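Handing you this structure, nothing more for now.
What follows draws every value from the coordinates through simple rules; no lab data is involved. None of the values given here were measured: they were computed from a predicted structure. Virtual Cβ from ideal backbone geometry, glycine too; neighbours counted across all protein chains shown.
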Amino acid sequence: GNWEVSKWLLEALAPVLPAAHIQVAKALCSLARASIAPLYASLPPSFRPTGLVGTPPEEAASSLPAQLRVTSFDQLDSALLPILAHLSIYVYHDPVLVVRLCRIIKAANAGK
């Protein structure tokens, strides 16, 4: 879908917490996971274990617009944080996303 229209709708509906609805939360989790896929795939193996079951990160991001693809740590605030802000505490619907976010944060802090 169109992220700009979706973002506008999420902001307009913010008082009723759209991410509290499971379908919206799962869609935002899928969007966030696809958004971080390029950056996650580029992490060193020490931050990204191999042999795990799931969608390969490279495939998830192929249909995203460029503005939502996170390929460096510098893009996290502009591409990912708006998605996570709307998702809020409902990120728990996707434990794999939570783990990948933790690994990305760990890798970002290791580079400092």
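Can you give the FRET efficiency for Ile89 and Ser46, using 1/(1 + (r/R0)^6), R0 = 22 Å, r = Cβ-Cβ distance, to the nearest 0.05?
Rounded to the nearest 0.05, the efficiency is 0.15.
For Ala27, what is the net charge nearby, where nearby means another residue's Cβ is under 15 Å from its Cβ and Lys, Arg count +1, Asp, Glu -1?
Working: positive: Lys7, Lys26, Arg33; negative: Asp94.
Surrounding charge for Ala27 is +2.
When the Kirkwood hydrodynamic radius is evaluated over all pairs of different C-alpha atoms of the chain, what value in angstrom, to one decimal, is obtained?
For the chain, the Kirkwood estimate is 14.4 Å.
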